[in-house]
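Report on one structure; see the data block that follows.
Just so it is clear, none of the values below were taken in a lab; they were calculated from the coordinates. From a predicted model like this one, the values you see are computed outputs, not experimental measurements. Cβ placement follows ideal geometry from the backbone for every residue including glycine, while neighbour counts extend to all protein chains displayed.
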Amino acid sequence: MTEDTSKTISRRFLLKIMSGGIAGLGFTQLNSAWAQISGQAVQLLPSLTGPNRNPYWNSTGPFVVYPQKLPLIQITDRPVQLETPRHYFLTPFTPNAAFFVRWHLDKIPNAINLSEWRLFVEGNVERPLILSLNDLMKKFKQVSVTAVNQCSGNSRSRFQPHIPGGQWGNGAMGNATMKGVRLKDVLDAARIKSGSLQVQCEGLDRGRGPKDKGSYRYQKSLYLNDPILHEVVIAYEMNGAPLPILNGFPVRLVVPGKFATYWIKALTWIRIITEPDTNFWMTKAYCIPDTPHGNTTPEDMERKQIKQIPIGTMPVRSFLITPDGSDMIPLAMPLTLQGIAFSGHGQIVKVEFSDDNGITWHQAKLGKNYGRYSFRTWKAAWIPKHTGKYTLTVRATDEKGNTQADEGIWNPGGYLWNKIERQEVVIGVSE
Ligand SMILES: Nc1nc2c(c(=O)[nH]1)N[C@H]1C(S)=C(S)[C@@H](COP(=O)(O)O)O[C@H]1N2
Ligand SMILES: [Mo]
């Protein structure tokens, strides 16, 4: 506060007090006189985080603490589903301790004895393998990839009509540098036999259902001729540290550019199969309508005319991380808008923001490039020029020319949300 404004305020304050008649006021009355004066300034800012503000950036669950984790937002307890709070996305790498968590089954590993744990490579191969973590680290070339791990259902809470399932806000995503070995190198060592079609992956987690059901085990398969297979990593390191147990210690699959459903945690069985995998997690869950952007309607779904295909690559998305709508922003204060963008289809080439609800757009400055599968941070200088509400919006474009639409989509799984994000901010007077 400059000397001048402090004088102005104290003069106004005095005037109000005087007109209200200060003489002889008791303590309570004085308090309410204060409320009268300061109350106006408080009322300038509506609550942007309270109930009935849909959509929230994050989901609205309570903060909970799990082993190796900072407080995260709880979606469900069994299975464990935890969302990363917005502020952790200010940096390009999501800290391991703040990385979101999603399991499907109740019984998840809570301790692994590495002297017993082995990775099995089996099925239609000439040389089945049984590898210790040390074998993986020593016998294969080490590779590294920085990639976004995003749940297919990230932002599901925004779907209209509402979709059952984990009501994620935007925090079911994270970016990490994953080190390990190429899946291809391990498969080459096992020598895939001819007639092979897919590679099926399975972790240690188990459910209470019958053994032949999805409620007993979580399995996902990739076609052996999928070009991404050359980039798939069996990772034993995450941001320079062992994986947190909730994120798949000791090793997990990393499928850059594809949704996290394929990123099998606590990976223990790699199986070469000769027929398409028809298990629940391939043909029932994680399927999207075979339509542009995976978009359909509840009516078309009821008519059962929509072919469903397994979900794959992540569409382009971008987020404003700060300001988050909770700040009281003074008029004319120069701010830095900051956020992230990513796309499974390729490098982010452009991030634009708008301060007039998407009528005019301005280009943001992109942060350091950590590779085409990584979060790309962005920044833009911005000075609010009027008091009251602004609607800030952001959209990104990737190297394939994909950009974000301003209409939401709908599909029965609540997947693939990538609508342009909006953030209301309120500007107050600064004198
Ligand atoms: N073994 C195993 N791996 C799994 C899952 C699972 O239930 N079991 N869920 C998948 C899904 S749908 C998601 S969103 C990611 C979540 O990864 P994270 O918990 O490390 O954030 O793990 C994937 N890998
Ligand atoms: Mo997921």
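Just round it to a whole percent: the fraction of Cα-Cα distances in the range 317-428 exceeding 16 Å. In whole percent, the share of Cα-Cα pairs in the range 317-428 beyond 16 Å is 59.
For residue 406, put the label point 7 Å out on the Cα→Cβ axis and report which residues of the range 318-359 keep their amide N under 14 Å from it. Once the point is set 7 Å along Cα→Cβ of residue 406, 353-359 turn out to lie under 14 Å by backbone N, inside the range 318-359.
By average Cβ neighbour count within 10 Å, what is the ranking of 228-240, 117-129 from highest down? Before the final figure, lay out the partial values.
Numbers: 228-240: 19.4, 117-129: 15.8.
Per-residue mean Cβ counts within 10 Å order the peptides as 228-240, 117-129.
Ratio of the range 264-316's C-alpha Rg to 2.2 N^0.38 Å, to two decimals?
Details: Rg = 14.2 Å, N = 53, 2.2 N^0.38 = 9.9 Å.
That ratio works out to 1.43.
Can you sort 249, 140, 342 from fewest to most other Cβ atoms within 10 Å of each residue's own Cβ?
Details: 249 21, 140 17, 342 27.
Exposure proxy ranking, most exposed first: 140, 249, 342.
Of all the options 326, 59, 318, the one that moves most in a Gaussian network model of the chain with Cα springs shorter than 10 angstrom is 326. You can think of it this way: the chain between residue 184 and residue 224 has 13.4 nm of extra reach, that is 0.36 nm per residue less the Cα-Cα gap.
Helical runs (DSSP H, four residues minimum) scored at -39500 (n - 2.57) apiece and divided by the length of the chain put the mean residue ellipticity at 222 nm at -4000 deg cm²/dmol.
In terms of the ratio Rg/(2.2 N^0.38 Å) built on C-alpha atoms, what value belongs to the chain? Walk me through the numbers on the way to the answer.
Values: Rg = 25.8 Å, N = 431, 2.2 N^0.38 = 22.1 Å.
Output field value: 1.17.
Going by neighbour counts of Cβ atoms within 10 Å, the residues 84, 403 line up, fewest first, as 403, 84.
Which one, 195, 180, 248, has the greatest fluctuation when you compute a Gaussian network model over the chain with C-alpha springs under 10 angstrom? Its mean-square fluctuation being the largest, the pick is 195.
Note on residue 362 and residue 303: the model spin-label points, each 7 Å out from Cα along the C-beta direction, lie 4.6 nm apart. By the compact-protein rule of thumb, 2.2 N^0.38 Å, the alpha-carbon radius of gyration of the range 41-195 corresponds to a ratio of 1.37. Inter-label distance, residue 274 to residue 424: 6.2 nm, where each label sits 7 Å from its Cα along the C-beta direction.
Starting with the fewest neighbours, write out 409, 306, 130, 329 ranked by other beta-carbon atoms found within 10 Å of each beta-carbon. Please report the intermediate quantities before stating the final value.
On the way: 409 22, 306 16, 130 10, 329 19.
Lowest count first: 130, 306, 329, 409.
Using only Cα coordinates, the Kirkwood hydrodynamic radius of the range 288-347 works out to 15.3 Å.
Compute the projected area of the convex hull of the Cα atoms of the range 145-278, averaged over all viewing directions, and report it in nm² to one decimal place.
Working: hull surface 37.0 nm².
Projected over every direction and averaged, the Cα hull of the range 145-278 covers 9.2 nm².
Charges on Cβ only, +1 for Lys and Arg, -1 for Asp and Glu, centred on the Cα centroid of the chain; of 338, 74, 177, which one is farthest towards the dipole's positive end? With unit charges placed on the Cβ atoms, the residue in question is 177.
For residue 91, project a label point 7 Å along Cα to C-beta. Then give me every residue of the range 162-186 with its amide nitrogen under 13 Å of that point. Of the residues in the range 162-186, 175-177 have backbone N under 13 Å from the label point off residue 91.
Net charge dipole, the range 317-428: roughly 380 debye, given to the nearest 20, about the Cα centre with Cβ charges of +1 for Lys and Arg and -1 for Asp and Glu.
Provide the FRET efficiency to the nearest 0.05 for the residue 385-residue 313 pair, computing r from the beta carbons and using R0 = 35 Å.
On the way: r = 40 Å, r/R0 = 1.13.
Taking R0 as 35 Å, the efficiency between residue 385 and residue 313 is 0.30.
When the charge dipole of the chain is built from unit charges on Cβ atoms (+1 for Lys and Arg, -1 for Asp and Glu) and taken about the Cα centre, the candidate among 430, 314, 201 whose Cα reaches farthest toward its positive end is 201.
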